[in-house]
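The values are calculated or read from the model by the stated rules, or taken from the named source; none is laboratory data. Since the structure is predicted, the reported quantities are computational estimates derived from the model, not experimental observations. Glycine gets a Cβ as well: all are built from the backbone with ideal geometry, and neighbour counts include every protein chain shown.
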Amino acid sequence: MNALHNLDLFAQATLSIVLEAVPFLLLGSVASGLVEAYVPRDRLARLLPKGRLASTLVGLGIGALTPCCECGVVFLARRLIGKGVPPGAAVAFMLAAPVINPVSLLATLVAFRGDPTMAIWRCLLVTLAGLVVGYWAGGRDALSLLRDPAAATPACGCGHDHGPEDHAHHHHGPATIPGTPFGSLADAVPLAAVIPSRRDKVASAMRHAMADFLDMAKVLVFGSMVAAAFKAYVPVSVVMAMENDLVLAIPGMMALAVVLSLCSQADAFVAASFSTFPAAAKLAFLALGPMLDLKLLLMWRQVFTPRLTRVLTVVPAAVVLIACVVYGIMTGGAS
């Protein structure tokens, strides 16, 4: 009977996490497709600063204005890097946007009954981690950070980016047309046939969005199953045993955030439910979860090189651990 109950809880938790995350995954994939179809590489790269610190700060600023969840931001960052965005800006955006955007800020405020303390500290920790990792990534070659650089650009086989302006100037080589006065195939095709129509751009955006969504959906489902198994089969007493010990509570809540793989716009309500835990432990849960969890680890392994994946894993965890220990000492372990 207990086994059936656990299985039922496992199924419910899996479905709950998937249904919670899918809208944000879809939103991120659509945004990725729109970037691919409508944003020219040259224009985007020209608008953003090239300096490591400046580009990282711009990425953080864009994240503060973009209501998105970590479920969909990974492949959006991949597309941005492929479009010529400085890697520091893309990585900083990827880490910070799920937390510092207005929707997540509002959710945190509501979860903690209007007290801004957690929201402010959460933003500070995530911004610091994003700044450190983004600055590191800004000193690396952009495409060397991607596991499959071709996945960040269209798979037409020509090796060129196809933004709106690129179609008007790009052709596939000097193929001649026998028996015609045209020197190449591009000269023979009317300009109207070379410039993509609005329908073509929409179709291209949707194709890329569908590919990204299907690519990451299987990772999301697997991560959700692991998180659900933790909820269903790990005794509550094991979790609650940490609440009276700050030394155990902070790393314990960090581990819980990684395993539960909650959405950044819903995890504040889960953190607030641990009302007897020290504030520093709840802050560790809130700050680390959107930057590092099981589903993100699986997505990073598909998108980024092992070196960047290690940095994305170690640096945010170290920043959160050190900052939360200091915060816990400052507050005396208060709830």
**Message:** Being surrounded by 14 or more Cβ atoms within 10 Å (Cβ to Cβ), among the hydrophobic types (A, V, I, L, M, F, W, C), in a loop (DSSP other than H, G, I, E, B) and at pLDDT 90 or above is the requirement here; does LEU292 meet it?
**Reply:** yes
**Message:** Can you find, within the range 56-73, the residue that is modelled with the lowest pLDDT among those that are surrounded by fewer than 24 Cβ atoms within 10 Å (Cβ to Cβ) and part of a helix (DSSP H, G or I)?
**Reply:** LEU65
**Asked** So GLY82 fits all but one of (1) closer than 15 Å to ALA129 by Cβ; (2) among the small types (Gly, Ala, Ser); (3) in contact (Cβ under 8 Å) with a residue 60 or more places away in the chain; what number is the exception?
**Response** (1)
**Item:** Residue in the range 38-48 that is at pLDDT below 80, in contact with a Gly (Cβ under 8 Å, 6 or more places away or on another chain), part of a helix (DSSP H, G or I) and farther than 24 Å from GLY138 by Cα present
**Value:** yes
**Request:** Kindly establish whether ILE120 is at pLDDT 90 or above, surrounded by fewer than 20 Cβ atoms within 10 Å (Cβ to Cβ) and hydrophobic (A, V, I, L, M, F, W, C).
**Result:** yes
**Message:** Quick check on the range 266-299: of everything there that is out of contact with any Asp or Glu (no Cβ under 9 Å at 6 or more places or on another chain) and of a type outside the set (A, V, I, L, M), which residue is nearest to VAL73 (Cα to Cα)?
**Reply:** ASP267
**Message:** Quick check on my filter: what residues within the range 82-99 are surrounded by fewer than 24 Cβ atoms within 10 Å (Cβ to Cβ) and not in a loop (DSSP other than H, G, I, E, B)?
**Reply:** GLY82
**Fill in**
Within the range 227-256, residues farther than 23 Å from GLY332 by Cβ, modelled with pLDDT of 80 or more and more than 27 Å from the chain's Cα centre (by Cα) come out as TYR233
